[in-house]
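*Asks:* Structure provided below as structure tokens; questions to follow.
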Amino acid sequence: MSDEEIHPGLADVTVTETRLSDIDGEAGELWIAGYPVGELAANATYPETVFLLLHDRLPDAEELADFEDELCSYRTLPEPCYNAVVEAAERGAGPMAALRMGAATATAVEPNDPEADALRLIARLPTITATYWRVLQGEEPIDPRLDLSHAANYLYMLTGEEPTAAQVAGLETYLTTVVDHGLNASTFTARTIVSTESELVSAITGAIGALRGDLHGGAPDLVLVMLEELMDAEDARAELEGRLEAGERLMGFGHRVYGARDPRAAVLEDAAAAFYDGDDDFFAAATEIESIATDLLAEHRPDLDLETNVEFYTAVLLHGVGIPPELFTPTFAISRVAGWSAHCLEQLEDNRLIRPRSSFVGEHDRQWTPLEKR
């Protein structure tokens, strides 16, 4: 057996340098390309944020207009991609499986170009998701509108109705807030794939596969289920206490890298407060449930840092904006594809094949036994 130090899950192992995001888990802080996440989310549109990640600076007005036009020009799905997404919906595939299939075919008829493919994927993931959802509901897909913003167009393609300014603002804030978050599992997957000099679309497809897992993408839709159940309960505190005593996990609390409250939760809470504007019982009840839950978690799990994470207010905000809960995780991917793409391009700037080692714990010098003697 090797005496090498093992780091399960590559915990605390630094494998690369990046300019894209930085996390201080103990202080509960996150910077996106040098900007505190709260400042960026309060001011930037999603295309501005994408431009920032790709170019390491904010665009001027003319650059932004040209960049938005370029993204718009890629929104329509190529025929192989459209057919794959429609068939996935008709066969009842899950939303993340359909998104993975759509992403894998999103650039099938275009020349391999990492920078162009990044923009194509960023532009097309909303169309893939909306097309899938419409067909799954037995409705005709809606063509993208080139006169609407990235966020507004996504909402429009889901419903066929032009969204309100409040809906667009809420979704815009969400997309910017979750656009990148260090070297998480899906981002590391994307960088590993592209480090082999495979196509960027393969890397993004792999990242979507990683995000599909419950331990990474999580389940913000289950936060919504929990909130609705607690709002219907006679005594939310007693219900929460009972769940904790039964050893159940409370969805929307705790994060592997944060010993404090997830800073994205604060940003999304503010966005949700602005969206609901003090006139909705759902938001007030959700904040009360958060307060009760954090108190009880501190009491029942004092050895763990189980503060509110990004999933809690993702559920609150996206529910208000009108995103179906089944599409919460695909909507996360619609944002994060920009971070994945930027990481892939950064990896390619000075590429080295990602190839960690393992520590062998099996036997050596085993003797072969012929089949007839086993």
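The values are calculated or read from the model by the stated rules, or taken from the named source; none is laboratory data. From a predicted model like this one, the values you see are computed outputs, not experimental measurements. Using ideal geometry, Cβ is built from the backbone for each residue, glycine included, and neighbour counts are taken over all protein chains shown. With ligands, DNA and RNA removed, areas are computed over all heavy atoms of the protein, side chains included. Shrake-Rupley method; radii C 1.70, N 1.55, O 1.52, S 1.80 Å.
*Asks:* Based only on the alpha carbon positions, what is the Kirkwood hydrodynamic radius of region 151-233, in angstrom?
*Replies:* 15.4 Å
*Asks:* Report the one residue of Y35, A207, T18 whose Cα lies farthest in the direction of the positive end of the charge dipole of the chain (charges on C-beta: Lys and Arg +1, Asp and Glu -1; origin at the Cα centre).
*Replies:* A207
*Asks:* Given 0.36 nm per residue, what is the gain on full extension from R19 to A108 after removing their alpha carbon distance, in nm?
*Replies:* That pair, R19 and A108, stretches by 29.0 nm at full extension.
*Asks:* About its Cα centre, how strong a charge dipole does region 63-132 have in debye, to the nearest 20, once Lys and Arg get +1 and Asp and Glu get -1 at the Cβ?
*Replies:* 520 debye
*Asks:* Let me ask something else about it. About its Cα centre, how strong a charge dipole does region 243-374 have in debye, to the nearest 20, once Lys and Arg get +1 and Asp and Glu get -1 at the Cβ?
*Replies:* Details: 13 positive and 24 negative charges, 246 e Å.
In total the dipole reaches around 1180 debye.
*Asks:* Counting Lys +1, Arg +1, Asp -1, Glu -1, what net charge surrounds N43 among other residues with beta carbon under 14 Å of its beta carbon?
*Replies:* Once positives and negatives cancel, what remains is -4.
*Asks:* Let me ask something else about it. Over all alpha-carbon pairs in region 218-277, figure out the percentage whose distance exceeds 15 Å.
*Replies:* Working: 1123 of 1770 pairs.
Above the 15 Å cut-off, region 218-277 has 63 percent of its Cα pairs.
*Asks:* Counting heavy atoms of the protein chains only and a 1.4 Å probe, report the per residue accessible area for the chain as a whole number of Å².
*Replies:* Accessible area per residue: 49 Å².
*Asks:* Using protein chains only and a probe of 1.4 angstrom, how many square angstrom of L175 are accessible, to the nearest 10?
*Replies:* 0 Å²
*Asks:* Which order do D270, D180, D281 take when ranked by solvent-accessible area (1.4 Å probe, heavy atoms of all protein chains), largest first?
*Replies:* Heavy-atom accessible area, descending, gives D281, D270, D180.
*Asks:* So, one more: Can you run phi through the Karplus equation (6.51, -1.76, 1.60; θ = phi - 60°) for region 137-149 and list ³J(HN,Hα) in whole Hz, with x for Gly and Pro?
*Replies:* 8, x, 10, 6, x, 10, 5, x, 9, 7, 8, 9, 5
*Asks:* Let me know the Rg and Dmax you get for the chain when you use only its Cα atoms, in Å.
*Replies:* Values for the chain (Cα only, Rg and Dmax): 22.0, 77 Å.
*Asks:* How many angstrom lie between the Cα centre of region 161-212 and the Cα centre of region 265-284?
*Replies:* Taking the Cα centre of each part, region 161-212 and region 265-284 sit 24 Å apart.
*Asks:* When only Cα pairs under 8 Å and 6 or more residues apart are kept, what is the percent relative contact order across region 220-321?
*Replies:* 45 percent
*Asks:* Another question, if that's okay. In what sequence, largest accessible area first, do R19, R91 appear using a 1.4 Å probe?
*Replies:* Values: R19 75, R91 185 Å².
Highest to lowest solvent-accessible surface, that is R91, R19.
*Asks:* Tell me the Kirkwood hydrodynamic radius of region 242-374 in angstroms, computed as one over the mean inverse distance between distinct C-alpha pairs.
*Replies:* For region 242-374, inverting the mean 1/r across all distinct Cα pairs yields 19.0 Å.
*Asks:* Follow-up. Just by accessible area at a 1.4 angstrom probe, what is the order of H364, H343 from largest to smallest? Spell out each step's value before the answer.
*Replies:* Details: H364 140, H343 0 Å².
Greatest to least solvent exposure: H364, H343.
*Asks:* Sticking with this structure for a sec: If you put +1 on each Lys and Arg Cβ and -1 on each Asp and Glu Cβ, how big is the dipole of region 220-321 around its Cα centre, in Debye rounded to 20?
*Replies:* Its charge dipole is roughly 540 debye.
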